[in-house]
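Chemist: Here it is, the structure in full.
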Amino acid sequence: MKRIILGMTALVLLLSTLAGCGKKEDLTTVSVNEVTHSVFYAPFYAAMELGFFEEEGLQLELTNGGGADKVMTAVLSGQSDIGLAGPEACIYVHLEGREDAPKIFAQLTKRDGSFLVGRTDEEFSWENLKGTTILGGRKGGVPEMTLEYVMRQNGVIPHEDAVVDTSIQFNMMAGAFTGGTGDYVALFEPTATQVVQEGKGYILASIGQESGEIPYTAFFANESYMEEHPDIIESMTRAIARGQEWVLTHTAAEIAEAIEPQFPDTDLEILETVCQRHLDIDAWNATPVMEPESLDRLMDVMEQAGELSERVNFEDLVDNSWAEAVTE
């Protein structure tokens, strides 16, 4: 009798394994290149970890581009199917007049997710930046341009009243700051909180709260890819929308627990703190739909930074059809 039970158990396990393998083979692999790996993109990671993409028939291969320009290069060259980065990358390509330019199909975040970190626990005012050096990120990138936009809004003229250092690579900024470079630095999470916990800085301000709503991060693909794979774009957008809805209906602790596998080297307590910080500043878009007014503000930011020669028509850059369809 014991042998029969063991044999039946083994058979059940074998069938389960085969069924699982079959299910995996049925998934369509989609390569996604993200600008950086940050808790800022929690709705996306929650969708991944909760199985929303698999339920839509997709298996994601996620790579880190380490900058919007590198993400765009990967998409244009066909190395990646989809990019996740600032819309400014798409704007630059459209202004070059390139055929088969990428189009945005889903917006993920709606304001700057970086935080200004200083060396002292000061009573902060943007006036404090005068006469100092701020590590701002890559010139022409949304983080750097938004920082300059907020500085101007608060009466501090970049490169006149304060130095904005754009010479340090995005993923090297925290190390440069803790190593003694600059007086302030704009950092994403969880890096900003980790710097604080190491006793090497203090979070002084949310750049996103100051800037207002901007389509800060969005998913895009070459127009030809979208035309050839509308089913993939629709499934991708639906999973993203589910992730956005999920994070806005759950607590910071629940979000942190869901995305923890994406950040194996970060304490759960830090993840919860960071998720709450993003909830507090209303960082995440409620749906994948991008609004024209939001894109206009981004182009205002780019114009003030001297990085935009002419404006791009919303319809040429954004295709909301999938986002609107999955959120009806």
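Chemist: Which of (1) of a type outside the set (D, E); (2) buried (at least 17 other Cβ atoms within 10 Å of the Cβ); (3) under 30 Å from E160 (Cα atoms) is the odd one out, the single condition S309 does not satisfy?
Modeler: (2)
Chemist: Looking only at the range 274-301, filter to residues that are surrounded by fewer than 20 Cβ atoms within 10 Å (Cβ to Cβ) and in contact with a helix residue (DSSP H, G or I) (Cβ under 7 Å, 6 or more places away or on another chain); which one of those is farthest from P190 (Cα to Cα)?
Modeler: Ranking the qualifying residues of the range 274-301, first place goes to P292.
Chemist: Still on this structure: Determine if the range 36-43 includes at least one residue that is of a type in the set (A, V, I, L, M), surrounded by 22 or more Cβ atoms within 10 Å (Cβ to Cβ), touching a residue at least 24 places away in the same chain (Cβ under 8 Å) and closer than 28 Å to V93 by Cα. Give the steps one after another, and end with the answer.
Modeler: Let us first name the residues in the range 36-43 that are of a type in the set (A, V, I, L, M), namely 39, 42.
Narrowing the set further to residues that are surrounded by 22 or more Cβ atoms within 10 Å (Cβ to Cβ) leaves 39, 42.
Still in the running and touching a residue at least 24 places away in the same chain (Cβ under 8 Å): 39, 42.
Within this subset, residues satisfying the condition of being closer than 28 Å to V93 by Cα are 39, 42.
For the range 36-43, residues of a type in the set (A, V, I, L, M), surrounded by 22 or more Cβ atoms within 10 Å (Cβ to Cβ), touching a residue at least 24 places away in the same chain (Cβ under 8 Å) and closer than 28 Å to V93 by Cα: present.
Chemist: In the range 303-315, what count of residues is obtained for those that are in contact with a helix residue (DSSP H, G or I) (Cβ under 6 Å, 6 or more places away or on another chain) and part of a helix (DSSP H, G or I)?
Modeler: Matching residues across the range 303-315 total 2.
Chemist: Among the residues of the range 105-157, write down those that are aliphatic (A, V, I, L, M), in contact (Cβ under 8 Å) with a residue 60 or more places away in the chain and farther than 23 Å from F219 by Cβ.
Modeler: Scanning the range 105-157 gives L116, V117, L147, V150.
Chemist: Determine which single condition S167 fails, assuming it passes every other condition in (1) part of a loop (DSSP other than H, G, I, E, B); (2) within 23 Å of R297 (Cα to Cα); (3) not β-branched (V, I, T); (4) not assigned by TED's automatic domain parsing to the domain that holds E245.
Modeler: All conditions are met except number (2).
Chemist: Across the range 269-297, what is the number of residues that are in a helix (DSSP H, G or I) and of a type in the set (A, V, I, L, M)?
Modeler: 5
Chemist: Let me ask another. Please find, among I233, I240, the residue that is buried (at least 21 other Cβ atoms within 10 Å of the Cβ), β-branched (V, I, T), under 18 Å from V39 (Cβ atoms) and touching a residue at least 40 places away in the same chain (Cβ under 8 Å).
Modeler: I240
Chemist: Taking A186, is it in contact with a Pro (Cβ under 7 Å, 6 or more places away or on another chain), of a type in the set (G, A, S), not in a helix (DSSP H, G or I) and not assigned by TED's automatic domain parsing to the domain that holds V301?
Modeler: Values: in contact with a Pro (Cβ under 7 Å, 6 or more places away or on another chain): yes; of a type in the set (G, A, S): yes; not in a helix (DSSP H, G or I): yes; not assigned by TED's automatic domain parsing to the domain that holds V301: yes.
Considered against the rule, which asks whether it is in contact with a Pro (Cβ under 7 Å, 6 or more places away or on another chain), of a type in the set (G, A, S), not in a helix (DSSP H, G or I) and not assigned by TED's automatic domain parsing to the domain that holds V301, A186 comes out as yes.
The values are calculated or read from the model by the stated rules, or taken from the named source; none is laboratory data. Quantities reported herein were computed from a predicted structural model and do not represent experimental measurements. Don't worry about glycine lacking a Cβ; one is built from the backbone with ideal geometry, like all the others, and counts go over all protein chains shown.
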